[in-house]
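Below is one structure, written out as C-alpha cells, with a few remarks after it.
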Amino acid sequence: MYKFLNRVLPAIVAVCVWSGSTQAQVQNRPLTSKEIVSLVYQLPQHPEKRDEIVEEIRTRGIGFPLTPGLRSLVATKSGNDALLRRTLDEAERRRTNPTASALPSEAEANELLARARVATLAAAEAMPDFIVKQLIKRTAAYGNTSNWIPLDNLSIAVSYRANVGEEYKVLAVNGMPLGPEVKESRDYSKYVGPGASSSGVEYISALADIFKPEARTAFKPVDTDLLQTRRTIVYEYEVKLPYSHLTLTADKTSSANAGSRGRMWVDRETNRVLRFEQIATEIPPDFPITAASTLIDYDWVTIGENRFVLPTRSEVLISAVNKRQLVQSRNEIRFRGYQKYGAELKVIDEIDEKDFPPEPSPQP
C-alpha cells in the first residue's frame, strides 16, 4: 500500500501544480470578448455582481477592440451602468497603448501623491466665491433591476462663498420656472419631487477630506490612464469609519456616518485630481440607505481672470429601502457657466440630452 501511494502522490502533486499554474495564466491574460459577454449576461439577474465584473476588467484588461456592438450589449445588460461603461473605456485605452499604461515606480507614485495632497489642500483653502448652474437628470429603478425610470430634470443655481459654503436655488423643474417662494438654502429637496438630492460632495470638500492627515487614508497606486488627454496615475484609497467625514442622510430626518473607498485619477504634470470616485462603506445595517457612491470629473475652468480645477460632471447613485422595497436613485449632474459670485443665472440652456448618454433600448 505504501509503495502504491508513493508512486501516485507525485503524479497528484504534479496535477495540482499544473492546475494552479493554468489558473494563474488564465487570471493574468486579458479578457476575451466572449468572457465579457458571459460576465455581463449575469447582470440582469445578479446586479450585485457589477463591482466584481468591474474589478475583473480592471485587473485583467481586455484583449480585443471594443466595438459599438459590444458597447450596446453591455449598456443593455447593465442598465447603461456608467461605472461599467467607463471601466471598459479605460481598458480599451490601456489595450491600445500598453506602454503608457505601465505602472510607475513606487517612488514616483509616492512623490506624485505627496504633491497632489499639497495641491488639493491648498486649492481647498483658496477657493473663489462663485456661482454655477447644475443641470440634473434624476432617474429611479426598483429593486436591483437598473431599469431606470425618468423622474425629472432640474436646473439649480449653486453659489459658493468661503464664509457660508454651498447654497442651492431651484431655477426650474422640467423646464418650468418656479415662483418667488423658492429661496436659496443648503437643502433644495423641499422644492422638488421625490428623488435623491445631494450637497457638499460635488466640490472640493470631499476630496480635500481624503487628503487630510486625520483621515488616515490608505493609498495604493493601481493603474495608469489617459483622461482628458492627460496622463494620470490611478490610486485606490480607503478611509475607515472612525476617521471618515462622509455622512449619509435619509428621509431628511436620520443620518449616519460611513467609511469610504474608491479611486482617484491624478494628473502627472499638474498634480491635480481629475476624477474622484467615492463609495460608502461600513454603512450601519439598520440604516435605510444600503449603498451610495459618487463619481466626479474635474477640469480647469475660468472664473474672472483666474483658472481653477472644479467639477464639470458628476453622478450620484443611492440605494435605499422605502416601505420594505429597495429603490435605486441616480442623479446625473452637469455643471455649466462658472462665474464670479453675484452674477445672475437665468433659466436658459436647460437639460441638453447630448450631455447624457441615451438609455439602452429594450431587447425583445
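When its C-alpha radius of gyration is set against 2.2 N^0.38 Å (N residues), the stretch 173-268 gives a value of 1.43. Oblate is the label for the stretch 109-351. Its Cα gyration tensor axes, ordered a ≥ b ≥ c, give a/c of at least 1.5 and b/c at or above a/b.
Taking a straight Cα-Cα cut-off under 14 Å and skipping sequence neighbours fewer than 8 places away in the same chain, the aspartates and glutamates within cross-link reach of Lys169 are Glu181, Glu184, Asp187, Glu344. Would you mind estimating how fast the stretch 31-96 diffuses translationally, via Stokes-Einstein at 37 °C and 0.692 mPa s with the Kirkwood radius over Cα pairs, in µm²/s? After rounding, the answer is 284 µm²/s. A DSSP coil position with no more than 12 other Cβ atoms inside 10 Å describes the following trypsin sites (Lys or Arg not before Pro) in the stretch 169-230: Lys183, Arg186, Arg216.
Here the peptides 270-276, 115-121 are ranked by packing, the mean other Cβ count within 10 Å, and the order with the highest first is 270-276, 115-121. All other residues whose Cβ lies under 13 angstrom from that of His245 are scored, Lys and Arg at +1 and Asp and Glu at -1, for a net of +1. Once Rh is set to the Kirkwood radius over Cα pairs, what Stokes-Einstein translational diffusion coefficient, in µm²/s, holds for the stretch 91-227 at a temperature of 10 °C and a viscosity of 1.306 mPa s? Result for D is 85 µm²/s.
With Rg and the Kirkwood Rh both taken from Cα atoms, where does Rg over Rh land for the stretch 40-151? Rounded to two decimals, Rg/Rh equals 1.08.
FYI, it's all coordinate maths here, none of it is from the lab. Note that the structure is a prediction, hence the values are computed from the model and not measured. All Cβ positions, even for glycine, are placed from backbone atoms using ideal geometry, and neighbour counts span all protein chains on display.
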